[in-house]
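The values are calculated or read from the model by the stated rules, or taken from the named source; none is laboratory data. What you are looking at is a predicted structure, and each value in this text was computed from that prediction instead of being measured. FYI the Cβ positions are ideal-geometry reconstructions off the backbone, even for glycines, and counts take in every protein chain you see. Heavy atoms of the whole protein, side chains included, go into the accessibility calculation; ligands, DNA and RNA do not. Shrake-Rupley method; radii C 1.70, N 1.55, O 1.52, S 1.80 Å.
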Amino acid sequence: MIRLGVNIDHVATVRQARRATEPDPVAAAVLALLGGADGITVHLREDRRHIQERDVRVLREVVTNRLNLEMAASEEIIAIALAVKPDEATLVPEKRQELTTEGGLDVIAHADTIRSAVDRLQSAGIHVSLFIDPDIEQVDMAHALGTNAIEFQTASYSEAVGGTAREEELAKLLTASAHARNRKLHVHMGHGLNYSNIQPIVRIPGLEELNIGHSIVSRAVLVGMERAVREMKSAMQEHDPNPKKSGA
Ligand code: PXP
């Protein structure tokens, strides 16, 4: 079975629009878990545009199955991660001007910084994932840096227009996933996935985890969080080649 990590950043975005106390991302996390989420994912950005440090601390108390912290490999955020101890830390690139994470982390260009972040997080017992493009050289470097998992960015696949362009992006994900599995890396994916484009993704052999935010929170605004998560889980299970086998 492929795990679903529900990214609840957008719930905090609505709260921060008014600098108010609602909606509470912690309440959203509880409802997502009731709807069948296998874990909760949040991105503590350096500019704190949505999730706040307190959210991460409270979520750590509430989310007992799997808390995944998306983060830049910056000194300040690493210190927070070491104190809060999420189950998993996913290192992502971060630019202040961007609307959302754009593209994967270049682990070749930033090898030294990433190696040090991976070592420090793993020493605290945190499982590390690197958010990268589906590129063989990036996978090889991620492996050399000692990461536990990689999360392939699926934005290029999600944004590809037309059958051929999408098939090409899917082929890259298939090839890079097979390569990562040969390197004994856990394979995760995320970004831009929704109820209608996940079908070919969940059929990729060896895929263990999806992290999905925008489409689930968008549907939750209309139908409620529990139902939005349940519908995503059933869309995933419908096409999962190993629906009963649990991912590591
Ligand atoms: N994975 C990573 C590493 C991300 O940065 C994001 C966006 O925060 C997601 C998954 C979820 O993407 P989306 O909100 O498009 O589903």
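Figures for the structure shown
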{"read-out": "Among residues of the stretch 62-95, those that are under 26 Å from LEU33 (Cα atoms), in a loop (DSSP other than H, G, I, E, B) and of a type in the set (Asp, Glu), counted", "value": "1"}
{"read-out": "Residue among ALA111, ALA160, ALA124, ALA142 that is open to solvent by less than 10 Å² (accessible area, probe 1.4 Å) and either within 16 Å of the ligand (Cβ to nearest atom) or touching a Leu at 6+ places or on another chain (Cβ under 9 Å) (or both)", "value": "ALA142"}
{"read-out": "Breaking point among (1) assigned to a loop (DSSP other than H, G, I, E, B); (2) at pLDDT 95 or above; (3) within 11 Å of the ligand (Cβ to nearest atom), for GLU98", "value": "(2)"}
{"read-out": "Within the stretch 60-87, tally of residues that are modelled with pLDDT under 95 and buried (at least 16 other Cβ atoms within 10 Å of the Cβ)", "value": "0"}
{"read-out": "So ARG15, is it on the phi > 0 side of the Ramachandran plot, open to solvent by less than 60 Å² (accessible area, probe 1.4 Å) and not hydrophobic (A, V, I, L, M, F, W, C)", "value": "no"}
{"read-out": "So ARG219, is it within 13 Å of the ligand (Cβ to nearest atom), in a helix (DSSP H, G or I) and free of Cβ contacts under 8 Å to residues at least 60 places away in the same chain", "value": "yes"}
{"read-out": "The stretch 185-212, residues that are touching a residue at least 60 places away in the same chain (Cβ under 8 Å), open to solvent by 40 Å² or more (accessible area, probe 1.4 Å) and away from the ligand (no atom under 11 Å from the Cβ)", "value": "HIS186"}
{"read-out": "Lone qualifier among ALA117, ALA155 - being under 19 Å from THR90 (Cβ atoms), of a type in the set (Gly, Ala, Ser), within 19 Å of the chain's Cα centre (by Cα) and open to solvent by less than 10 Å² (accessible area, probe 1.4 Å)", "value": "ALA117"}
